[in-house]
Amino acid sequence: MKALIERIRCEGRNLGQGILKVDGFINHQLDPALTVEMGREFARRFAQAGVTGITRVITAEVSGIAPALTTGLALGVPVLYARKTRPITMANGVYRAEAPSHTKGGMVELMVSPEYLHPHDRVIIIDDFLASGKTIAALADLVQQCGATLCGIGCVIEKSFEEGRARLAYLNVPIVSLAVIESMEGDQIQVREWEGAVSR
């Protein structure tokens, strides 16, 4: 994902406290062509890792929706996003998990309706960032609550210095990153491609 890495180098900003500003092309304003390319790349790398038979992509609202959508499009499967507030249309008996919000502070509740996540599903998680791993762990918890099979995790940007990958090792699934931030000091953002693309 050289195009993604170049955008991070050119437009990414370190706001301190581990927060990387990339909202010109991922978190607020989207680059449609780049986002479509991300989805195709996730699909390609999961196929390389031997992940097959996916029936559903899951993410958390809001920033994970765009890359999850293009991944679902590339795979030809539905995309489910965990809600942070429960609408009146959501069925009773929802699956729930909590995760901390790095950018908003405090804990957020993630909810998924049993209408759209089933025990026979084979699921991959897609999110914009892998940092501490706690949001992805909460999504994995939702998958496990319904008895579905978690087959892989994909993140657009991994902040390797926060060690989220190691914290998610217990899930024993391939983890795909499109760009890896090794360090952020002042205006210096060290970013590279994930070598080998996939690890367990």
Which one of Gly154, Gly133 is in contact (Cβ under 8 Å) with a residue 24 or more places away in the chain, buried (at least 17 other Cβ atoms within 10 Å of the Cβ), under 23 Å from Asp23 (Cα atoms) and out of contact with any strand residue (DSSP E or B) (no Cβ under 7 Å at 6 or more places or on another chain)? Gly133
For the range 49-69, enumerate the residues that are crowded, with 17+ Cβ neighbours inside 10 Å and of a type in the set (D, E, K, R). Arg56
Based on what the data block shows, is Ala166 free of Cβ contacts under 8 Å to residues at least 60 places away in the same chain and either in a loop (DSSP other than H, G, I, E, B) or under 13 Å from the mean Cα position of the chain (by Cα) (or both)? no
Which members of the range 169-200 meet the condition of being without any contact (Cβ under 8 Å) to a residue 60 or more places away in the chain, crowded, with 20+ Cβ neighbours inside 10 Å and under 19 Å from Gly18 (Cα atoms)? Ser177, Val180
Ala169 versus (1) touching a Leu at 6+ places or on another chain (Cβ under 9 Å); (2) at pLDDT 95 or above: which is the lone unmet condition? (1)
Filter pass, Val22 being in contact with a helix residue (DSSP H, G or I) (Cβ under 8 Å, 6 or more places away or on another chain), surrounded by 14 or more Cβ atoms within 10 Å (Cβ to Cβ), touching a residue at least 40 places away in the same chain (Cβ under 8 Å) and closer than 20 Å to Ile181 by Cα: yes
I want to confirm something. Restricting to the range 25-48 and keeping residues that are of a type in the set (Gly, Ala, Ser) and within 14 Å of Ala66 (Cβ to Cβ), which single residue is surrounded by the most Cβ atoms within 10 Å (Cβ to Cβ)? Gly39
Could you please tell me which pairs satisfy a Cβ distance under 6 Å, a separation of 6+ or placement on different chains, a first residue in the range 4-18 that is more than 15 Å from Glu185 (Cβ to Cβ), and a second residue that is of a type outside the set (D, E, K, R) and part of a loop (DSSP other than H, G, I, E, B)? Arg7/Phe25; Glu11/Gly24
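The values are calculated or read from the model by the stated rules, or taken from the named source; none is laboratory data. Everything numeric here is computed off the predicted structure, so don't read it as measured data. Note that each Cβ is placed from the backbone with ideal geometry, even for glycine, and that neighbours are counted across all protein chains shown.
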